[in-house]
Amino acid sequence: MVKTCGICGGSGAGKTTLTRHLLDRLGADQVSVLAFDSYYRDQSHLTPPERAMVNYDHPDSLDHALFAADLELLRSGQTIEAPVYDFATHTRTAARVRVEPRPIVIVEGILLLSFPAVQSHLDLSAFIDVPEDVRLARRIKRDVAERGRDAEDVVRQFRATVAPMHDQFVEPFRSLADRIVAIDEQYGSVADEIITRLRTDRRVAS
């Protein structure tokens, strides 16, 4: 039986870090990871300047229907081919990543709880609650190092779209999470708790 665990929260909240703790404890043979970020809509039909103007923090920027369908397939025990997104060019590549339906599937994304079709496929969800200034600092560090972006451009985007969209589409769904994770909590302990709940919670196991 496949169980799904959603890790959500604002950009830079620490979703990947918590996911890493879960992976370390469960082992690669027991868990798969599906990232909502891989399902951004392809913008290859736009010019580079036009792509830069797209609001990538609005729910419409994500192919949530395909994501929900793939998540449903995983829960039913079927392997999927997840898309690969190039954040530097804002395009979906021709590559695909094979994701297998292992006993636990960790689903990671900012907007997991804002789509009923996605939320309905989560057996357990955790929302990482981190102040805006901390999330901005982490996002700058990540986007410059991993996505080849300019720090000033990261700040501009954060102020223009990331923060407003967080207030409108992320924070309001915080209360739907099964577990709220505070900034001062040890992620290792949180990971242990989540694993215990996935394995023993009657509601999750039903």
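Computed from the coordinates by the stated procedures, all read-outs in this text should not be read as laboratory data. Not measured: the values here are computed from a predicted model. Cβ atoms come from the backbone with ideal geometry, glycine included; neighbour counts cover every protein chain shown.
Within 10 Å of each candidate Cβ there may be at most 10 other Cβ atoms; applying that plus a DSSP loop requirement, which GluC sites (Glu not before Pro) in the stretch 82-148 survive? Mind showing how you got there, number by number?
Numbers: sites: 108, 132, 146; in loops: none.
Those that pass, being in a loop and sparsely packed, number zero.
For residue 4, the residues 5 or more places off, or on other chains, whose built amide H falls under 5 Å of its own are 105, 123, 124.
Of all DSSP-defined beta bridges confined to the stretch 3-197, some 25% are antiparallel rather than parallel. Note on the chain: along the principal axes its Cα atoms extend 50, 38, 28 Å, ordered by decreasing extent.
Extent along the principal axes, Cα only, for the stretch 1-84: 43, 28, 17 Å, with the longest axis given first.
When the charge dipole of the stretch 3-197 is built from unit charges on Cβ atoms (+1 for Lys and Arg, -1 for Asp and Glu) and taken about the Cα centre, the candidate among 122, 26, 186 whose Cα reaches farthest toward its positive end is 26.
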